[in-house]
Amino acid sequence: QVQLVESGGGLVQAGGSLRLSCAASGISFSPSVMGWYRQAPGKQRELVATITSGGSANNADSVKGRFTISRDNAKNTVYLQMNSLKPEDTAVYYCRIVVRGYAYWGQGTQVTVSS
């Protein structure tokens, strides 16, 4: 059974930093894509950043220059380093991986940025 365990969310002041982690277990193949999405109250879930197994990253315009996605293929873990956080970054952040064409989601971790 595929399991994604997210950690690192919390409450931070504007301008601060957080680092999210998502560890995948129960998979037999390395994820082709790992990424982070977020959903703010009353809004649709949106892409934050993705990274391929080869290390090619894609970031949403709203986080470029502030967030950095990375992954450890040996640990099947993806990270999201979030710097210069803004109140509008407040959301539940979800990890998503793609393995052999199947997508799996984590349960989400809350990030709250106070002004």
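The values are calculated or read from the model by the stated rules, or taken from the named source; none is laboratory data. Everything numeric in this text was worked out from a predicted model, so none of it was measured. Cβ coordinates were reconstructed from backbone atoms using ideal geometry, including for glycine residues, and neighbour counts include every protein chain displayed. Accessible surface areas use protein heavy atoms only, side chains included; no ligands, DNA or RNA. Shrake-Rupley method; radii C 1.70, N 1.55, O 1.52, S 1.80 Å.
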Do we have any residue at all in the range 33-44 that's under 27 Å from P87 (Cβ atoms), among the charged types (D, E, K, R), part of a loop (DSSP other than H, G, I, E, B) and at pLDDT 95 or above? yes
Restricting the range 8-32 to residues that are in a strand (DSSP E or B) and among the aliphatic types (A, V, I, L, M), the one most open to solvent (accessible area, probe 1.4 Å) turns out to be L11
Scanning the range 78-114 for residues that are assigned to a strand (DSSP E or B), of a type outside the set (A, V, I, L, M) and under 13 Å from G35 (Cβ atoms), the one most open to solvent (accessible area, probe 1.4 Å) turns out to be W105
